[in-house]
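One structure is given below, encoded as structure tokens.
Rule-based calculations on the coordinates, nothing more; no lab input. Here the structure is a predicted model, which means the values were calculated and not measured. Positions of Cβ are backbone-derived with ideal geometry, glycine not excepted, and every protein chain shown enters the neighbour counts.
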Amino acid sequence: MSSVLRPAMSLIVLMTLITGVAYPLVVTGVAQVAFPVQANGSLVYDDQEKVRGSELIAQAFTGEKWFHPRPSAGAFATVASGASNLSPSNPALATRIGDDALKEKVDNQGPVPLNLLTTSGSGLDPHLSPAAAQYQVARIAAARHLPRETVQGLVVANTYSPLIGPPVVNVLALNQSLDALPSGKQVN
């Protein structure tokens, strides 16, 4: 019995040390050296070096003075990230989208872009399409008493094209740019 048990226990201990200790330490070390910003959560800091969020996780912005992100099925909580799993025929989904459309509606802007009404698969997507950001420009310009061109300039300045996929705007970065903008300043 000990001739079978002893090698089995030795193998369990060895594999635990390799896969549970050595491998995670090596991967963490390589990540800290090669990709320190990403390995530490892609955190976004303000001028006082206070953490304001992450480039990778959406957060709720409410009020007329801010660009709003996509809705979140998990109330922007990372623990509960994920889709709502409501089918297109579910009346609760139709009600939520209708309510969100009324909240996001800007007079004389046409229909609300789908980015502002539908959740992402994770419920935490920090990006909007440039069209969804542009849709909000009139509301924000009026609330902040800024020229529309100034707010539109911020959207253009914060739009980037990832390696794969369409151009996107990071809502947190856009709102930080908006907050840093002195009244009356033009951005081209």
- [ ] Scan region 27-44 for residues that are more than 19 Å from the chain's Cα centre (by Cα), surrounded by fewer than 11 Cβ atoms within 10 Å (Cβ to Cβ) and among the aliphatic types (A, V, I, L, M) and jot them down.
- [x] 33, 34
Task: Filter pass, residue 44 being more than 26 Å from residue 148 (Cα to Cα) and either touching a residue at least 60 places away in the same chain (Cβ under 8 Å) or of a type outside the set (S, T, N, Q) (or both) - done: yes
Task: helices (runs of 4 or more DSSP H) lying entirely in region 85-188 (those with 3 or more residues that are buried (at least 19 other Cβ atoms within 10 Å of the Cβ)) - done: 130-135, 137-144, 148-157, 171-180
Task: Selection count where residues are more than 11 Å from the chain's Cα centre (by Cα) and in a loop (DSSP other than H, G, I, E, B), scope region 51-67 - done: 7
TODO: Please state which one of 52, 6 is within 19 Å of residue 172 (Cβ to Cβ), of a type in the set (Lys, Arg) and out of contact with any Pro (no Cβ under 6 Å at 6 or more places or on another chain).
DONE: 52
